[in-house]
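All of the numbers you see were taken from the coordinates with simple rules; none came from a lab. Every value quoted in this text rests on a predicted model; they were computed, and no experiment measured them. Because the Cβ atoms are built from the backbone with ideal geometry, glycine has one as well, and the counts that use them run over all protein chains shown.
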């Protein structure tokens with residue numbers, strides 16, 4: 001059940017990255033030309049080239065993008081002007097420019113993850129207050145807001161903006177520094193909120209702009225399913241911050257977390273559409289131990305017949321939680337059944353969750369093209385794809 005790409009199919013050659021290139025090019029997964037003091041890619045992207053360790057990652061050249069001021073202590077901070085808006089802690093201070101202030105007013109006072117969820121609106125407003133004392137949370141929040149703004153615009157630009165890259169990078173650097181120290185009680189909610197934002201950013205920002213450049217059509221590299229690793233990294237913090245503790249602002253999301261961790265059946269195919277069960281070789285005696293598709297098929301099936309407006313964030317993550325072990329290996333090896341389960345999940349959840357839609361726009365058609373190109377003889381698979389006999393059943 002784990003067929004691989006036919007041998008006669010030529011593999012696309014992946015560009016070799018320079019080992020001596022600047023950190024900006026490495027972060028952006030590009031080959032650096034190693035020109036000093038500034039490489040051409042950094043100049044064209046509008047950032048300071050950082051061969052030297054004293055230059056921050058993705059530091060904008062333009063002065064009006066709001067450069068962060070890194071300081072050793074509060075005593076060294078310059079007193080802010082009365083009209084300025086700042087986020088700062090004992091290590092860093094960042095003055096928000098006019099665009100960032102506008103985004104706070106327009107987006108960060110509501111919920112960007114699920115806009116109509118009153119619990120998430122409450123959480124987002126609480127996090128906004130914490131962001132002024134935790135720069136890593138402010139940078140992550142601004143990066144998500146900028147990404148959401150890009151999602152709302154038509155036609156949609158596929159490229160990440162300089163501002164998104166800058167805030168994303170700053171948040172990652174600052175959060176990693178914070179995680180190297182003991183986590184205090186006051187930091188638990190900001191850390192969890194930042195980890196969730198970074199997971200959303202990773203998921204909603206595929207490297208490809210077209211289906212032809214996207215996984216699984218493109219050749220394999222170390223970044224396949226990188227969004228899954230980021231989600232698992234976020235969940236690794238669960239026992240450290242415990243979002244359901246009594247004083248956590250995320251406690252109001254208990255129902256969402258309950259959906260995410262709702263148990264799946266231990267045996268059988270109850271709830272799985274007959275055609276899907278047959279394609280996955282599932283029957284009444286199937287379990288997770290004897291069939292790697294068991295949990296993913298059950299997870300996908302829980303949302304297929306729901307109206308789009310009833311698909312919750314918690315329900316979408318039941319499927320991502322099932323991607324591990326043998327099933328994850330099948331996905332990485334482009335197993336056709338595993339790819340189809342991922343396609344069905346994208347096809348359903350992207351209609352209600354905006355950050356899933358951003359990746360699904362390129363990976364859904366890429367999966368379809370791959371399955372049509374390399375598994376066109378598999379009638380059961382083709383029936384689920386657009387134009388197939390089962391394609392409209394869950395639309």
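Please pick out the residue among 266, 213 that is surrounded by fewer than 16 Cβ atoms within 10 Å (Cβ to Cβ) and in contact (Cβ under 8 Å) with a residue 24 or more places away in the chain. Exactly one of 266, 213 is surrounded by fewer than 16 Cβ atoms within 10 Å (Cβ to Cβ) and in contact (Cβ under 8 Å) with a residue 24 or more places away in the chain, namely 213. Scanning region 287-321 for residues that are assigned to a loop (DSSP other than H, G, I, E, B), surrounded by fewer than 19 Cβ atoms within 10 Å (Cβ to Cβ) and in contact (Cβ under 8 Å) with a residue 60 or more places away in the chain yields one hit, 305.
Out of the residues in region 23-50 meeting the condition of being touching a residue at least 60 places away in the same chain (Cβ under 8 Å) and not in a loop (DSSP other than H, G, I, E, B), tell me which one is surrounded by the fewest Cβ atoms within 10 Å (Cβ to Cβ). My answer is 27. Of the residues examined, residue 343 is one that is more than 21 Å from residue 120 (Cβ to Cβ), surrounded by 19 or more Cβ atoms within 10 Å (Cβ to Cβ) and under 20 Å from the mean Cα position of the chain (by Cα).
Residue 186 meets all of the listed conditions (1) surrounded by 20 or more Cβ atoms within 10 Å (Cβ to Cβ); (2) part of a helix (DSSP H, G or I) but one, namely (1). For region 216-227, the set of residues classified as farther than 17 Å from residue 362 by Cα and touching a residue at least 40 places away in the same chain (Cβ under 8 Å) consists of 221 only. From the list 174, 198, 228, the one residue that fits, being part of a helix (DSSP H, G or I) and more than 28 Å from residue 100 (Cα to Cα), is 228. Among the criteria (1) in contact (Cβ under 8 Å) with a residue 24 or more places away in the chain; (2) surrounded by fewer than 20 Cβ atoms within 10 Å (Cβ to Cβ); (3) outside any helix (DSSP H, G or I), the one residue 284 does not fulfil is (1). Within region 230-239, take every residue that is surrounded by 14 or more Cβ atoms within 10 Å (Cβ to Cβ) and out of contact with any helix residue (DSSP H, G or I) (no Cβ under 6 Å at 6 or more places or on another chain) and give me the one that is nearest to residue 334 (Cα to Cα). The residue in question is 232.
Which one of 351, 359, 334 is at positive phi and either touching a helix residue (DSSP H, G or I) at 6+ places or on another chain (Cβ under 9 Å) or in contact (Cβ under 8 Å) with a residue 24 or more places away in the chain (or both)?
Of the residues listed, the single one that is at positive phi and either touching a helix residue (DSSP H, G or I) at 6+ places or on another chain (Cβ under 9 Å) or in contact (Cβ under 8 Å) with a residue 24 or more places away in the chain (or both) is 334.
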